[in-house]
Amino acid sequence: RTVRRAGRRRRGRLALILLFDQFPRNIYRDTPQAFAHDGLALRLALDGIAAGVAEADRGSFAGFLDYAVRHRDVVRRFGRFPHRNRILDRESTAEEIEFLKQPGSS
């Protein structure tokens with residue numbers, strides 16, 4: 001019973017993370033509101049990791065590692081996601097413009 005309850009909590013947390021991360025991206029596409037709930041999704045994810053929730057699902061998430069690493073590298077390089085500049089009314093640097101011309105950059 002406790003294991004079942006823990007599984008429901010994990011799935012509930014994942015559902016909320018997806019809700020806050022993906023729904024606004026699609027509902028508010030091409031507007032700044034598309035990213036307005038990122039902080040909530042991040043907080044839920046980090047709290048879950050800190051609570052050890054992700055350990056039970058580690059195998060399920062392994063496939064997302066490459067995707068996450070590539071995103072991390074973009075933020076390390078530019079301090080932000082350059083493909084969001086237009087939507088968020090930010091000026092792109094020359095380096096970001098060149099990066100965005102590359103296949104798969106956004």
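The values are calculated or read from the model by the stated rules, or taken from the named source; none is laboratory data. Quick caveat: nothing in here was measured; it's all calculated off a predicted structure. Note that each Cβ is placed from the backbone with ideal geometry, even for glycine, and that neighbours are counted across all protein chains shown. Note: accessible area is taken over every heavy atom of the protein model, side chains too, but ligands, DNA and RNA are not part of it. Shrake-Rupley method; radii C 1.70, N 1.55, O 1.52, S 1.80 Å.
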Of the numbered conditions (1) under 18 Å from residue 105 (Cα atoms); (2) surrounded by 12 or more Cβ atoms within 10 Å (Cβ to Cβ); (3) charged (D, E, K, R), residue 21 fails exactly one; give the number of that condition. (1)
Does any residue of region 97-106 turn out to be under 26 Å from residue 14 (Cβ atoms) and open to solvent by 70 Å² or more (accessible area, probe 1.4 Å)? yes
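Matching residues to (1) under 15 Å from the mean Cα position of the chain (by Cα); (2) under 23 Å from residue 90 (Cα atoms); (3) without any contact (Cβ under 8 Å) to a residue 60 or more places away in the chain:
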site: 8; (1), (2), (3): no, no, yes
site: 16; (1), (2), (3): yes, no, yes
site: 24; (1), (2), (3): yes, yes, yes
site: 27; (1), (2), (3): no, yes, yes
site: 39; (1), (2), (3): yes, yes, yes
site: 45; (1), (2), (3): yes, no, yes
site: 50; (1), (2), (3): no, no, yes
site: 54; (1), (2), (3): no, no, yes
site: 72; (1), (2), (3): yes, yes, yes
Anything in region 14-33 that is under 19 Å from residue 46 (Cβ atoms) and either at pLDDT below 90 or aliphatic (A, V, I, L, M) (or both)? List them, or say none. 14, 15, 16, 17, 18, 19
Please determine, by comparing only the residues of region 84-93 that are open to solvent by less than 70 Å² (accessible area, probe 1.4 Å) and not basic (Lys, Arg), which one is farthest from residue 42 (Cα to Cα). 93
Please indicate, with yes or no, whether at least one residue in region 58-73 is at pLDDT 95 or above and part of a loop (DSSP other than H, G, I, E, B). no
Residue identified as among the hydrophobic types (A, V, I, L, M, F, W, C), surrounded by 10 or more Cβ atoms within 10 Å (Cβ to Cβ) and touching an Asp or Glu at 6+ places or on another chain (Cβ under 9 Å) among 6, 34, 41, 54: 41
